[in-house]
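Trainee: Please read through the structure below; I'll follow up with questions.
Please treat every number below as a calculation from the coordinates, not as lab data. Computed from a predicted model, the values in this text were never measured in an experiment. Positions of Cβ are generated from backbone atoms using ideal geometry, with glycine treated the same way; all protein chains shown enter the neighbour counts.
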Amino acid sequence: MTAPNSPIELYYWPTPNGWKVSIMLEECGLPYDVRLVNIGKGEQFKPEFLAISPNNRMPAIIDPDGPG
């Protein structure tokens, strides 16, 4: 079980959409940890990332305090 108020995990690469999500998290004051996914090396196709984002889309987030 995850501890309450655990940080959101942001799977990110500095693209326009990645920046939007990181700015939103900063503006909301939510704690988050950045997990870099280098799309130049094809890391978005690795099984570990596909388990989080099955269509290999970036950015992706995991909210450990979210529903289910």
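Trainee: Please report the relative contact order for the chain, taking Cα pairs under 8 Å with a sequence separation of at least 6, and give it as a percent rounded to a whole number.
Mentor: Reported as a whole number, the value is 47 percent.
Trainee: Want the number for residue 45 to residue 15: 0.36 nm per residue separation, take away the alpha-carbon distance, what's left?
Mentor: 9.1 nm
Trainee: So, one more: State the antiparallel share, in %, of DSSP beta bridges confined to the chain, rounding to the nearest 5.
Mentor: Bridges in the chain are about 40 percent antiparallel.
Trainee: Output the 0 to 90 degree angle, nearest 10, between the alpha-carbon long axis of helix 16-28 and the longest principal axis computed from the alpha carbons of the chain.
Mentor: 10 degrees
Trainee: Beta carbons within 10 angstrom, averaged per residue: use that to sort the peptides 11-23, 42-54, highest first.
Mentor: Sorting 11-23, 42-54 by mean packing, highest first, produces 11-23, 42-54.
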